[in-house]
1. Out of (1) modelled with pLDDT of 95 or more; (2) near RNA strand B (Cβ under 9 Å from one of its atoms), the odd one out for A:Thr326 is which?
2. Working only within the stretch A:296-323, note down all residues that are under 14 Å from A:Ala62 (Cβ atoms) and either within 15 Å of RNA strand B (Cβ to nearest atom) or acidic (Asp, Glu) (or both).
3. Kindly provide the set of residues from the stretch A:524-543 that are within 16 Å of RNA strand B (Cβ to nearest atom) and aliphatic (A, V, I, L, M), ordered by number.
4. Looking at A:Ala323, A:Ala348, A:Ala343, can you tell me which residue is touching a Ser or Thr at 6+ places or on another chain (Cβ under 6 Å), within 30 Å of A:Glu275 (Cβ to Cβ) and not in a strand (DSSP E or B)?
5. Quick one: which strands (runs of 3 or more DSSP E) lie wholly within the stretch A:193-294 and hold at least 3 residues that are open to solvent by less than 40 Å² (accessible area, probe 1.4 Å) and farther than 29 Å from A:Glu182 by Cα?
6. With the requirement that a residue be loosely packed, with under 12 Cβ neighbours inside 10 Å and within 6 Å of RNA strand B (Cβ to nearest atom), what does the stretch A:137-147 give you?
7. Which of the residues spanning the stretch A:20-56 are small (Gly, Ala, Ser), more than 30 Å from A:Asp119 (Cβ to Cβ) and open to solvent by less than 40 Å² (accessible area, probe 1.4 Å)?
8. Determine if the stretch A:298-319 includes at least one residue that is over 18 Å from A:Ser514 (Cα atoms), in the same structural domain as A:Glu52 (by TED's automatic domain parsing) and either open to solvent by 50 Å² or more (accessible area, probe 1.4 Å) or without any contact (Cβ under 8 Å) to a residue 12 or more places away in the chain (or both).
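The values are calculated or read from the model by the stated rules, or taken from the named source; none is laboratory data. Nothing here was measured: the structure is a model prediction, and the numbers come from that model. Please note: Cβ atoms are built from the backbone with ideal geometry, for glycine as well, and neighbour counts cover all protein chains shown. Accessible surface areas use protein heavy atoms only, side chains included; no ligands, DNA or RNA. Shrake-Rupley method; radii C 1.70, N 1.55, O 1.52, S 1.80 Å.
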Amino acid sequence: MTPPAKGPAGTSDLPEEDTGSASPLDFIRAIVAADLAAKKYKGRVATRFPPEPNGYLHIGHAKSICLNFGVAAEHGGTCNMRFDDTNPAAEDIEYVDAIQADIRWLGFDWGDRLRYASDYFERLYGYAMRLIERGTAYVDDLTAEQIRAYRGTLTTPGRESPHRDRSVEENLDLFTRMRAGEFPDESKVLRAKIDMASGNINMRDPVLYRIRRATHHRTGDRWCIYPMYDFTHALSDSIEDITHSLCTLEFEDHRPLYDWVLDELAVACHPQQIEFARLNLSYTVLSKRKLLTLVKEGYVSGWDDPRMPTLVGMRRRGYPPEAIRTFCDRIGMAKRENVVDVAVLEHAVREELNRTSPRVMAVLRPLKVVIQNYPEGQVEEVDAINNPEDPAAGTRKVPFSRVLYLERDDFCEDPPKKFFRLAPGREVRLRCAYFITCVDVVKNDQGEIVELKCTYDPATRGGSAPDGRKVKATLHWVSASHALVARVRLYDRLFLDEHPGERRDSLEALNPDSLEVIDTCRVEPSVASVATGDRYQFERLGYFCVDPDSTDDSLVFNRTVSLRDVWARIARTMKARG
RNA sequence: UGGGAGGUCGUUCAAUGGUAGGACACGCGGCUCUGGACCGUGGAAUCGGGGUUCGAAUCCCUGCCUCCCAGCCA
């Protein structure tokens, strides 16, 4: 596999070829390669990513973005950023800005090839007039309900509209007046004259234009008629000289219409539409409607809630864009319906973070530990490696003193088999510091453990014993008086059901424990000056990033993903077996 | 007796008439100052039935199952 280029993976700086083991091409890349070999488009490859600016981008869009920009880059081609903005009622400038920011963050660059379907409205209008002149489009006065009734059903053919045979002159006149605003909304539409008996419902005289008085975010009130998707999309592709128009499976039925429009108008460029299966992810929903519900009804804090599968959510969660691109490479490209295990995504995230994140020690649930034989008031600094995967990351000093905090989960008064951590009388290693032995357990009136008394072996400084004795566990810690207090947000999957999208009501499957906030975490002082978005590995716990809610005197971390946890798995099986 | 698309390990993607393979997940072992990482290893699949062929996941016939389509959304 080829990890995308380091910097922004624009249309020209991706590795052209995986020199070495040639991994097989997916079916779309195979078609593109064959077209290139056949000189089909004069050796040109031009794609586009055409979102409607009516929502935030999510991981499913990332698959399409990586495909479109990737295919173009692999052949020195181009990929246009195009907004399919033909429905002013649903769209908003907020989304056009957010979408561009997300794609840039993902690592792609469209240079000066930013396009809007709305820029083509005048040309599109001209094409519509041409269709009318050819006698293959007509103005219909039927209401929406009538059109639906006339359309027939899946198994029975439709009926032709009584207005289907209006003269070219009358259609031209009516359509001109539609544009001029002479008719109220929804009173007339322009329809293609194709075949009301077609088995493909999209070919039963599809609507091409509707009257809709709405202020468009780019064209304002200049238009009161707006073109429909099928008409706009095919022609926009053609206008932009696109060679391969890649879209998802549900548009397969639209391809005959796509081709009809371009053939009927005999345009110079007729791109080929190729459909691929959209991405589904286990334990998450990716439908715009459902994501909108989560936001609107307050189940999450917003589009950028770290539990959301949106690109903004993942960014805030701390997912590196490289990991998302790697994920998109790995899931493959096919036409079969699929549900990718979210573990594949998490694995890509861990892999990237393991390679790049500086290590730091933090204690989520502090348990006070006093080292009895360590001199009161003494402080020393131990050396800690910043990233064992990257020697260039260097080392840092971590203060050690008499009173420390350990993770509550790292102590067990009555340890079960295979629990290697601290227990009464047991010796363990404190990471980068000393071996300590637990000599006493202090409890409060409720019987809760409030403090541990330990001793340390001064000869084990640095973490190893001169006599060669071993310990079975190494624990993370922080010096109580030096540690910073931080708030940490622990995220878990938003849904408990593996396929929440298949339920009538996905909300029933919501995980009530998808967010846990801990306000009393302690982190080592080296993270005092951090910036929003900085990523760390909290040793033995997971990867965390600095949330924008952080201020100069209050740190907030999001847990991006936990480390793989073998002990948790062992504990789970032991519990299951009783 | 509508049209379109698709069925390969648990999941996902390969193999395009010639040893069914990778990744993730899972199991076992090793190593380790992170029960992380890493290394090794194991189990695990061609929807069913016929046919063509020396040889079929792949070609043919047939049956079954799944998904998409009846917005003046995209």
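1. (2)
2. The answer is A:Glu322, A:Ala323.
3. Of everything in the stretch A:524-543, those that are within 16 Å of RNA strand B (Cβ to nearest atom) and aliphatic (A, V, I, L, M) turn out to be A:Val527, A:Leu541.
4. A:Ala348
5. Working: elements: A:207-211, A:225-227, A:244-248, A:272-276.
It comes to A:244-248, A:272-276.
6. The one that is loosely packed, with under 12 Cβ neighbours inside 10 Å and within 6 Å of RNA strand B (Cβ to nearest atom): A:Ala144.
7. At the first step, the residues of the stretch A:20-56 found to be small (Gly, Ala, Ser) are A:20-23, A:30, A:33-34, A:37-38, A:43, A:46, A:55.
Those still in the list that are more than 30 Å from A:Asp119 (Cβ to Cβ) too: A:20-23, A:30, A:33-34, A:37-38.
Once the filter is applied, which keeps residues that are small (Gly, Ala, Ser), more than 30 Å from A:Asp119 (Cβ to Cβ) and open to solvent by less than 40 Å² (accessible area, probe 1.4 Å), the stretch A:20-56 yields only A:Ala33.
8. Among the residues of the stretch A:298-319, not one is over 18 Å from A:Ser514 (Cα atoms), in the same structural domain as A:Glu52 (by TED's automatic domain parsing) and either open to solvent by 50 Å² or more (accessible area, probe 1.4 Å) or without any contact (Cβ under 8 Å) to a residue 12 or more places away in the chain (or both), which makes the answer no.
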